[in-house]
Amino acid sequence: MNFWQFKFNSEYWTNWENIQLGEIEEWQSPKTINKEPNNISINDIVFIYRGSTKVRRGIYFVAKVLNVDFTDKYPIKLKIVKDLRENIFVPENFGFEKVVKKINDLNQNGTYYKFSQNENPKGMYDLIINNKKSIKGVRKKYTKEELTKLANEVFKIYIDKYNKNENLQYSIVQPSNNKKIIHTTASKIPMSNGTAENYSERLFNLWNKLNNFDIHNGLEDCPKLLEEVGIEVFDKKYFLKENILNLITVEKVLEEELKKSKKDTKENRLNRLNDKDKKPPKIEVVSTQYKRNSDVIIEVLERANGTCEKCKNPAPFIRKKDKTPYLEVHHIIRLADNGNDTVENAIAVCPNCHRELHYA
Ligand SMILES: [Zn+2]
């Protein structure tokens with residue numbers, strides 16, 4: 001099966017104006033075409049391209065070759081298998097720029113072009129017929145308007161999270177309701193959900209870069225147009241909160257940087273250590289703390305009576321200021337996990353056991 005592009009300008013378009021899906025167009029070749037596509041055969045696929053400057057250029061129909069007989073006055077019979085007049089397929093939007101260039105170089109009087117297989121006409125066919133938003137190896141090019149829609153949505157989500165001092169977690173698509181918002185926007189563009197998530201995360205990196213926030217989720221930078229759009233859409237008045245991050249985010253940043261550093265080569269690490277300013281940059285941190293009940297702490301320490309309630313060893317040292325054994329009071333169910341600040345939910349432990357409880 002071969003794929004063809006038939007191109008008509010407006011003068012030859014009248015035949016196609018009233019045609020309906022499933023109908024057959026008999027192609028009166030010698031009048032409209034300079035020479036026959038003589039190796040066309042039954043079941044080949046024909047994309048009907050309208051090449052006029054007066055209307056949007058693109059594919060208006062997909063047809064299948066029903067019959068070929070060059071002795072006939074109408075040698076090629078085409079059956080319409082897809083009517084795209086309501087939603088014209090513009091091949092260059094889907095990465096078919098080279099093909100479009102070839103089509104545009106063709107004679108205006110109505111002519112044809114046979115695709116070579118490496119131009120991926122099957123991919124184009126799949127895109128059109130199955131309404132796929134993207135296919136492997138073919139990336140849709142988005143317009144500025146489309147990308148602006150996405151960037152606006154990402155910006156809203158980000159500012160909302162940011163104003164609430166929520167953990168930014170290297171991700172804009174978490175929690176799942178953010179993901180849903182992004183998918184809804186994607187369906188309007190249309191963009192695949194995966195691409196929309198990926199682009200959203202890249203916009204999130206761009207935002208952080210513009211704000212000098214040292215948060216990066218490891219994805220590549222925005223494609224050029226997306227970056228331009230992001231810079232336009234992000235409202236500069238929000239840049240004023242420079243370097244204010246919440247504590248969870250700061251810890252997360254370090255955690256991610258540790259991963260990166262560990263993965264890197266020793267040589268790179270040492271090079272960076274040579275370059276690096278020896279004084280660490282200061283950042284302001286917004287954090288949420290719980291006001292703990294002093295009665296609980298004293299009661300638990302009394303219950304423990306100088307012995308770690310986990311390993312049963314004596315406290316490692318005596319406090320200088322009040323000569324009491326040094327133990328730390330740990331909540332069994334964390335306050336952050338809605339645990340109670342009560343004697344029952346707390347144990348007195350040595351510093352080793354305390355670390356173990358948190359990190360082991
Ligand atoms: Zn212990």
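Here are a few things to note about the model shown:
- Additional length obtainable on full extension of the chain from ASP341 to ASN130, 0.36 nm per residue less Cα span: 70.1 nm
- Long pairs among LYS102/LYS179; LYS141/LYS260; LYS224/LYS259; LYS278/LYS323, criterion Cα-Cα beyond 30 Å: LYS102/LYS179; LYS141/LYS260; LYS278/LYS323
- Kirkwood hydrodynamic radius of segment 294-359, from the reciprocal of the average inverse Cα-Cα distance over all distinct pairs: 12.0 Å.
- Within the same chain, aspartates and glutamates fewer than 8 places from LYS291 are excluded, and of the rest, those with a Cα less than 19 Å from its Cα are GLU299, GLU328, ASP337, ASP341, GLU344.
- Extended-chain gain in nm, criterion 0.36 nm per residue less alpha-carbon gap, LYS141 and LEU225: 29.3 nm
- Space enclosed by the convex hull of the alpha-carbon atoms of segment 57-109, per residue, Å³: 114
- Within a straight-line Cα-Cα reach of under 14 Å, LYS98 can be paired with the following aspartates and glutamates, leaving aside sequence neighbours fewer than 8 residues apart in one chain: GLU119.
- Estimated from the Cβ-Cβ distance and a Förster radius of 56 angstrom, the FRET efficiency linking VAL81 and LYS312 is about 0.10.
Bear in mind these aren't lab numbers, they're just calculated from the coordinates by the rules spelled out. Quick caveat, the model's predicted, so the values are computed rather than measured. When we count neighbours, we look across all protein chains shown, and the Cβ atoms used for this are built from the backbone with ideal geometry, even at glycine.
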